[in-house]
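No value in this document is a laboratory result; all are computed from the given coordinates. These numbers come from a predicted model, not from an experiment. No Cβ is skipped: glycine too gets one built from the backbone with ideal geometry, and neighbour counts run over all protein chains shown.
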Amino acid sequence: MKTVMNIINGGIERIKSMNTLTTRIIVLSLIVMITLSISMPVVSAVDNRSFELEVFKSVNVERAKYGLKPLIWDENVAAVARSHSIDMSLKGYFSHISPNGVGPGDRLKNAGITKIQRMGENIALCGSASRAMSLWMGSPGHRANILNPNYTHLGVGVCGYYWTQNFVAYSQNVNPASTTISLNKVGMNSFPDAIVGYGKQGAMTVTVTNKGNQATGALKISIFGTNANRFTLSATSIKNIAARGSASFSVKPKTGLAAGPYVAAVSVSGANVATQVFNVEFIVNKKLNYDIAVTGAERTRSLQRQPGIVSKRHYQFP
């Protein structure tokens, strides 16, 4: 900040010594540009990724309002969008066409993305994902891209204040980049019933399979519901699953639970995949008493047997 103030103060002193109004205006403009460039915040790659996914989710929210199918995130297309935002930022221009004459279609083609029926591109120059979406939705042409029912995939790239969206509809019979996970557990999954005072319970292993042709990225494992704290997970995240690969985790009930039924839901989610959910159930029964009902007597003697007296055994829950 001290350096910025020195530049400003030095510039102001120079302005005072200049004779013409035009010269003063030019120099003052340069000072403002230098000040803004120095004070401009630096956005990390991690932050950019979160902004890109925020735009992606916002696009599908807007499409849902009009009954349109959600777009699928395409990392290959996102890489093209990201490179254009970086190029605009580094070279200081704002256009769909780069200074060397390369347009949106050329950029996709150069990246090896060729088997597409149609494509579209939106760009914005602003400071936040919400502002970018507001600008696009307020512009007929950009809005038409976001709400185009023919597009199936989307990639978003951000660099500083430069935002790029690339929309794609792949040709039929083309297998675009995708991540689709499945679980070997669906619906309700029950642990063996137990009795109050039970010992340690066995774990239920869950396998997560990536059926897509690109890596899943980070996945989050969550357990929720009224009885969520009655179960434990062996892991709360999976770093990544390669294409056609799999990973596993386990869930099990805690020990020392009182009698009653316990039900919870387990979900596996990620930025690039549809969330998968299944349920778990564990029932704890009351402690079992073994009594002897003595014939001809009007009392029950617990765990006793009189010689020579006919009796019958029965189970009784207190």
**Asked** Summing Lys, Arg as +1 and Asp, Glu as -1, what charge do residues with Cβ under 12 Å from the Cβ of G256 carry, G256 excluded?
**Response** +3
**Message:** Applying a 10 Å radius around every beta-carbon, put 258-265, 69-76, 245-252, 92-99 in order of their mean neighbour count, most first.
**Reply:** 69-76, 245-252, 258-265, 92-99
**Asked** Given the pairs K65/K185; K69/K115; K91/K220; K69/K211; K69/K252; K115/K239, which span a C-alpha to C-alpha distance of over 29 angstrom in this model?
**Response** K65/K185; K91/K220; K69/K252; K115/K239
